[in-house]
Each structure stands twice: as structure tokens, then as C-alpha cells.
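Structure incoming, see below.
Since every read-out is calculated from the coordinates, none of them should be taken as a lab result. Since the model is a prediction, treat every value here as computed from it, not as a measurement. Virtual Cβ from ideal backbone geometry, glycine too; neighbours counted across all protein chains shown.
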Amino acid sequence: MPPKAHKERPHRDFLQIPDFSAKEIERLFSLAEAMRRGKYRTKTLAGKSLAMIFMKSSTRTRVSFEVGAWQLGGHALFLSPRDVQLGRGEPIADTARVLSRYVDGIMIRTFAHSEIEELARYADVPIINGLTDLVHPCQVLADVLTVKQNLGDYKGKRIAWIGDGNNMANSWLNAAYVLGFELTLACPEGYEPNPMILQRAQSKARVRVVRDPAEAADKADVVNTDVWASMGQEEEQAVREKAFRGYKVDESLMSRAKKDAIFLHCLPAHRGEEVAAAVIDGPQSRVWDEAENRLHIQKAIMAVLIGGERV
Ligand code: CP
Ligand code: NVA
């Protein structure tokens, strides 16, 4: 077989939630739901390989992508910077071109969002975002799916985000932009979400940034939080602990939300910091369903982007 010629982007990437339309996201949710119920048995990834580049640690993302690829009949390779030349300074562009000759899709977790954009620019295969400093789109699709499973729909729901305007908050904004639900974020001064992502979301959906967590949680259907110091911000822990004092999701804050509100957290969580044990381990918490949904939604994404499933 002759060497593969450079193809002019015959594929799609998933770098951010707006890469899919609302209709496509609904179709992904249906596919994920069929997969969850064991109703989807097509080996869409048969004979295909997924490269998984992890420049940061991971439990959920790594295991759910690897197991998901296998369940669809495919195969996944775990590549850490300790083992691949990327970690010794081989350019992303060269890595993209070489991996494209071997594998059918690349999932990457990295730091700067510009790195995944560069990977996507030079790769001939679909790129899937497993988290960057800017966004965590697979997680928030899993989260919205969890909302739909538990509350029937995300439309007309009030979502509260408490804490850091980080990659998770930015992805919730992107989800509000595409899917149009109400989102209120309570962030301390200096820790607001990305201004461009915020502005775009505000052009389409009812989105507010406030300071007071109680104001965001007020009559909310979903209360959501994340760690105060994300991966790569470890040295800021002490400063952040001070800045985020008062932003803990505890039982008192949950009592501001609707009676049947659910609590979400992408995990890993720090009990006693951003969330009280009584909340994350309490009756309103859906964090284990949320983590499970990573598997189903990512299988749906891989089936569509790599396996040619209709969306
Ligand atoms: N929520 C999430 O992405 O978890 P991991 O860091 O364990 O992959
Ligand atoms: N905001 C967190 C999410 C971890 C899944 C981080 O980036 O570390």
C-alpha cells in the first residue's frame, strides 16, 4: 500500500462544545443513552486505533476512553510525556503528522489550548479534547446528559456554577451558548471565566456572573462546582484557598436551590474545600452517574468522529 497522502481535513474534530450543533448534541445524547442501555452493539471502531496523549494526570478520562474504544471494537494507546518524544521537545506538528499515519483518532489532555489547536491543524485524523486549561468539553457533555437523565431535560433549567471560572466553567458557558439553558456563575473577583466565551454565551442564553454563591444557587435545578486549584495551578493553592473562602458548596448553600436539585462535580473532589462531604456523599449528589456518563458520551463521540456513525 502506498504511503498515505496528506488529506485535506476530511474529518471533524471535537475541541470545544460549539463544534457540534444543538441537534448533533441531542443525537450524541441518544447514542450515548443507547450505549448505556446496552442497545448499541455495533463495533464501530473495529480495526481502528485511538492515540491518547496525556500531558496531565487522569483517572476518568483515561479509563473511560480506553475502555470505551475497546467496547466499540477498537484499541487505544496511552501515551505519556515520559514515554513519547513530545515530552523531550518533538514539535506537536510533527507528532500530529506521524501519529496520523498510524492511528484513526487522537485524544489529548494538555495545558495551553493553542497546543490542541496546533495538533488539529497538522493531524489528518479527528482530534478529541480530553481537557485543556481553557475547556473540558467531554466532561460537560457528560454533565448535561446527567442533567437530562435526572431532571428530564436541560431546557428551562437553572444551572448554578460555584467557584473558579476555569475550564469547566468555560465549557458550561459553551453548553449554554449551544443549548440555551440558564446559567449563573458565582466567582470571586479575579477568577471569572474567559471573557470571550462569556460574551458569546451571553449573546444567546441567560447567563450571569455574580459574586455571591447564594445568589447563583437561588432556586437552581443543578448546583455545580470544581476544585479551587486546577492541574498546573498547584503553587497557587494557598492564595486560592483564601480567595475562594465562602465558595464551598455545603448543605446551607444547597438549601437555596430547588428541593429536587442535583449536585454535580467533575471529580476529583476535595471534601471540606469546594464541597462538604455531606453534599457530595449526600442524597442530591449525582457525581457517580456523572462520572459513568463520561464513558457513554465519549463512546458516542468516538463512534461519530472516528467510526463514521451518523450524527
Ligand atoms: N473529570 C475528569 O476529567 O477526571 P480525570 O482528571 O480523572 O480524567
Ligand atoms: N478544573 C480541573 C478539572 C479536572 C478534571 C482541572 O483542570 O484540573
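Rounding to the nearest 10 and keeping the result within 0 to 90°, find how far the Cα-based axis of helix 167-179 lies from the longest principal axis of the chain.
That works out to roughly 90 degrees.
Among the lysines, select those whose C-alpha is under 18 Å from the C-alpha of residue 43, and discard any that sit fewer than 8 residues away in the same chain.
Residue 43 reaches 299.
List the lysines whose Cα lies under 24 Å from the Cα of residue 248, skipping any in the same chain that are fewer than 8 positions away.
Answer for residue 248, where 24 Å is the Cα cut-off: 157, 219, 258, 259, listed by chain and number.
Expressed as an acute angle from 0 to 90° and rounded to the nearest 10, what is the orientation of the C-alpha long axis of helix 137-151 relative to the principal long axis of the chain?
50 degrees
What nm distance separates the two modelled labels at residue 202 and residue 75, each placed 7 Å from Cα along Cα→Cβ?
Each label point is offset 7 Å from its Cα along the Cβ direction, giving 5.1 nm.
While we're looking at this one, here's another question. Do me a favour and compute the ellipsoid semi-axes for the chain from its Cα gyration tensor, root of five times each eigenvalue, largest one first, whole Å.
Each semi-axis is the square root of five times an eigenvalue, giving 33, 22, 17 Å.
What net charge is computed for the residues neighbouring residue 233, neighbours being all others with C-beta under 11 Å from the C-beta of residue 233, Lys and Arg scored +1, Asp and Glu -1?
Net charge in that neighbourhood comes out at -4.
Helix 60-71 versus the longest principal axis of the chain: what angle, 0 to 90°, nearest 10, using Cα atoms?
Computed tilt is about 40 degrees.
Ordered by packing density, taken as the mean number of other Cβ atoms within 10 Å over each peptide's residues, highest first, how do 253-265, 26-38 rank?
253-265, 26-38
Length gain on complete extension for the stretch residue 231 to residue 41, per 0.36 nm per residue less the alpha carbon to alpha carbon distance?
Length gained, residue 231 through residue 41: 64.8 nm.
In whole angstrom, how far apart do the alpha carbon centroids of segment 122-180 and segment 26-68 sit?
17 Å
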